[in-house]
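Reviewing the structure listed below.
The values are calculated or read from the model by the stated rules, or taken from the named source; none is laboratory data. Keep in mind that what you see is a predicted model, and the values were worked out from it rather than measured. Note that we place each Cβ from the backbone using ideal geometry, even for glycine, and neighbour counts take in every protein chain shown. Calculation scope for accessible area: heavy atoms of the full protein, side chains included, ligands and nucleic acids excluded. Shrake-Rupley method; radii C 1.70, N 1.55, O 1.52, S 1.80 Å.
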Amino acid sequence: MGLFSKIKSMFKGESKTQEQEQVKKNNEIENENIEEQSDEIEEQVHQETISKEEYTKSEPSSSTEKKEEQAEESTTDEIPTKTANKVYEKGLTKSRKGFVSNLINLTSKYRRINEEYFEELEEILIMADIGVNTVMEFMDRLRSRVQKEKIEDPEELKEVIVDELFIIYVDDNILTNKINYNEDGPTVLLFVGVNGVGKTTTIGKLAWKLKEEGKKILLVAGDTFRAGATKQLEEWSEKVGVSFIGKEEGADPASVVFDGLEKAKQENYDVVLIDTAGRLQNKTNLMKELEKINRVIQNAIPNAPHETLLVIDATTGQNGISQAKSFQEITNITGIVLTKLDGTAKGGIVLAIKEEVNIPVKYIGLGETKEDLQPFDIEQYIYGLFKDMM
């Protein structure tokens, strides 16, 4: 099944899913019986669905119970996917209204594919911040397929456009949004990025997400230069219910990191999230500072940091790509967190970043709430971006 067809199938089940979720919500609030429906097996599984917290409180005492819990687990596994659908769909509204609306108008404008069509399509893609180099490669691939498959109707080209954008991002690579966890001791996640991109907020949201997975979390305030940074991270730790360590403003960041890692080892923390300063305007000092922090981390925990995540504000467009290139020169970036994607109409930056710096996007911020930080999923991204083309 092509990606376009797969996305269409996701939408076919959407209305039915909404009805099921509403029934479940009514059951929880009103504690009333549901009217019998034709598909009794599906309704029975739906009624028996329980939250993950309730599920982990009990263990199966027989093979029958194991089978029942396996069925329940299968059902609850679908819930995060459905939730992600909604978060992506809502968070990419601005990009969808701009980018996809222009594509729809272009399709309506031309009855046959010609050079003028290609020129306008190219302009739409560039305006979506996909990046000139990426667009040029995409247009070459698109022209080749149109010629090879003898496509004349712009309506038929929609599926090809979606598939080719997906192919450009994946590019035959094995991409993962998974965190590289340490199997022996605390996992260290180092966060870098310029001031104002949402770095501290991202750390707080990710801490909540990891805590929900049952992990013991420690936040380390390594940004001792920005006024209020330590206090902001401490407030996030209190908000999401995780531990925190920091010092007074102006303290040596490496000493804060050292104390944090010692605490993590002694008290058996699962994940340590470290905030850092983002004064990119003085690249030499920033490089020396990050080198010092990395040495401290490596001496404390071998092979750490296990992830160095660069946080980029999606609303800055091509400037964000420039930041990624600059930080690549300073330290080893293993993944990107793209924040404020809900605040821009140029959601194509996801494709441009992968093409320009070849670093996978691991998380994206699609709103203000802590639930709106999502692991990046290229299919969910395409789903949210192209919904109006279905």
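Looking at this model, which pairs from K97/K340; K205/K354; K199/K231 are more than 20 angstrom apart at the alpha-carbon? Listed pairs above 20 Å: K205/K354. Given in Å, the Rg to one decimal and the Dmax to the nearest whole number for the Cα atoms of region 117-248 are 22.5, 67. Here the accessible area is traced with a 1.4 Å probe on the protein chains. For region 342-390, carbon and sulfur cover 39 percent of it.
Comparing Cα centroids, region 330-357 and region 262-280 end up 24 angstrom apart.
Tell me the per residue accessible area of region 284-390 using a 1.4 Å probe; a whole number in Å² is fine.
Values: 3720 Å² over 107 residues.
Accessible area per residue: 35 Å².
Placing +1 on the Cβ of every Lys and Arg and -1 on the Cβ of every Asp and Glu, with no other charges, gives region 157-234 a dipole of roughly 620 debye about its Cα centre. Relative intensity of region 189-289 on a log10 scale, I(q)/I(0) at q = 0.14, 0.21, 0.23 Å⁻¹, equals -0.47, -1.04, -1.23, per a Debye sum over C-alpha point scatterers of equal strength in the absence of solvent. Each part gets one Cα centre, and for region 111-136 versus region 175-200 those centres are 35 Å apart.
For the peptides 322-330, 303-311, residues were scored by their other Cβ atoms within 10 Å and the scores averaged per peptide; the highest-first order is 303-311, 322-330. Measuring r between the beta carbons of D153 and Q318 and using R0 = 35 Å, the FRET efficiency lands at 0.55. With every protein chain in place and a 1.4 angstrom probe, the accessible-area ranking of M127, M136, M389, largest first, reads M127, M136, M389.
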